[in-house]
1. Out of everything in the stretch 22-44 that is among the charged types (D, E, K, R) and closer than 28 Å to Arg216 by Cα, what residue ends up being most open to solvent (accessible area, probe 1.4 Å)?
2. Can you tell me which residue among Ile47, Ile15, Ile76 is of a type in the set (A, V, I, L, M, F, W, C) and exposed (fewer than 12 other Cβ atoms within 10 Å of the Cβ)?
3. Go through the stretch 135-181 and count every residue that is out of contact with any Gly (no Cβ under 8 Å at 6 or more places or on another chain), assigned to a helix (DSSP H, G or I) and farther than 24 Å from Thr242 by Cβ.
4. Looking only at residues that are in a loop (DSSP other than H, G, I, E, B) and exposed (fewer than 13 other Cβ atoms within 10 Å of the Cβ) in the stretch 113-126, which one is nearest to the chain's Cα centre (by Cα)?
5. Just name the residue that is modelled with the lowest pLDDT out of those in the stretch 128-150 that are surrounded by 19 or more Cβ atoms within 10 Å (Cβ to Cβ), out of contact with any helix residue (DSSP H, G or I) (no Cβ under 6 Å at 6 or more places or on another chain) and farther than 18 Å from Ser20 by Cα.
6. Where the second residue is part of a loop (DSSP other than H, G, I, E, B) and at pLDDT 90 or above and the first is open to solvent by 90 Å² or more (accessible area, probe 1.4 Å) and lies in the stretch 189-210, which pairs have Cβ atoms under 6 Å and are six or more apart or on separate chains?
7. Kindly provide the set of residues from the stretch 13-68 that are of a type in the set (Asp, Glu) and either touching a helix residue (DSSP H, G or I) at 6+ places or on another chain (Cβ under 9 Å) or over 14 Å from Ile2 (Cβ atoms) (or both), ordered by number.
Amino acid sequence: MIIQLASDYLSYLEIERGLSTNTIAAYKNDLFLFFEYFSGINNIEDIKRSHLSEYIKYLGKNGFNTTTITRKIASIKGFFRYLCSTKELKANPALSIATPKISKKLPKVITMDEIEKLFKEKMDTRELAVFELLYATGLRVSELVELNLKNIDFKNDTIRTLGKGSKERVIPLGAKAKTALKNYLKEREIDIKLSTSKKKNEDKLFLNNFAEKINRQWVYSFIRNLGDIIHKSISPHTIRHTFATHLLENGADLRVVQELLGHANIVTTQLYTHISKKHLKDVYFAING
């Protein structure tokens, strides 16, 4: 019965809430780890607040960090909230469960000098187009790999993407990124014509040499290798942080950056103002001792 309720909840998240496949997979893993721990309990009504407290202590003792525990608690709370809304439960045992405090760390960013150094590195047309697009738009890696050709509007210099919760947003496309994309598309056509793969996916923007959609792992590996050049451990998300920070440092409005990043809450975007202030302070003391 519990498994069926969880399945119904995951379907609700997908169909009604429109959450992404990756987000639903994370919810599924969180819930089934929870059910595995309480495998001896067959009825959802038998799970009490004391069980939840016991489970949170178990997570802490078994090496899960605060961020992961917080996410798992959020998954469980969402599940029980859903059960109450559908009248499967009369009382919510997770209602008063406290969430551990997460220390807010400033995201890692790349300086303008480092960005310029990376752009001077030799890249093939696909690599350059990916890097230009990440830095010029602040796309999430999941959004990047799912881009279709029809999402690119060269006439109006924009990109249309679906972010978290299947929310669509339109992002301006700069001249350098536009040029890089057009150069890549010429090579892309050659790869498609030469490919004999049965998994061709001509709709997707970024394809590998076999005309198949590139995956997140390729993007992560490519960006990680770029990081070696500037002696930093970086990821596609680092480029997203850098995009936002550089915009704010150059006078962009916070609301505009929020819109470009696809943040539902401006509080998330405000974190970048702290990065900008820290950057200015570092520059000041570097100059003035």
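1. Within the stretch 22-44, the subset among the charged types (D, E, K, R) is 28, 30, 36.
Narrowing further to those that are closer than 28 Å to Arg216 by Cα: 28, 30.
Numbers: Lys28: 103, Asp30: 2 Å².
Residue satisfying both the conditions and the ranking: Lys28.
2. Details: Ile47 fails: exposed (fewer than 12 other Cβ atoms within 10 Å of the Cβ); Ile76 fails: exposed (fewer than 12 other Cβ atoms within 10 Å of the Cβ).
Exactly one of Ile47, Ile15, Ile76 is of a type in the set (A, V, I, L, M, F, W, C) and exposed (fewer than 12 other Cβ atoms within 10 Å of the Cβ), namely Ile15.
3. 2
4. Start the filter on the stretch 113-126 by keeping residues that are in a loop (DSSP other than H, G, I, E, B), which leaves 120-124.
Now drop any that are not exposed (fewer than 13 other Cβ atoms within 10 Å of the Cβ), which leaves 120, 122, 124.
Details: Lys120: 27, Lys122: 27, Asp124: 25 Å.
If we take residues in the stretch 113-126 being in a loop (DSSP other than H, G, I, E, B) and exposed (fewer than 13 other Cβ atoms within 10 Å of the Cβ), then Asp124 is nearest to the chain's Cα centre (by Cα).
5. Here the residue is Thr137.
6. Filtered contacts from the stretch 189-210: Lys199/Glu212.
7. Our first condition is that a residue be of a type in the set (Asp, Glu); within the stretch 13-68, this holds for 14, 16, 30, 36, 45-46, 54.
Correct list: Glu14, Glu16, Asp30, Glu54.
Here is a yes/no grid of residues against (1) touching a Lys or Arg at 6+ places or on another chain (Cβ under 8 Å); (2) more than 24 Å from Asn151 (Cβ to Cβ); (3) among the β-branched types (Val, Ile, Thr):
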site	(1), (2), (3)
Leu194	no, yes, no
Lys200	no, no, no
Asn209	no, no, no
Arg224	no, yes, no
Ile234	yes, yes, yes
Arg240	yes, no, no
Phe243	no, no, no
Ala252	no, no, no
Val256	no, no, yes
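The values are calculated or read from the model by the stated rules, or taken from the named source; none is laboratory data. Worth saying up front: this structure is predicted, and the values here are computed from it rather than measured. So basically every Cβ, Gly included, is an ideal-geometry build from the backbone, and we count neighbours across all protein chains shown. Keep in mind that these areas ignore ligands, DNA and RNA; they rest on the heavy atoms of the full protein, side chains included. Shrake-Rupley method; radii C 1.70, N 1.55, O 1.52, S 1.80 Å.
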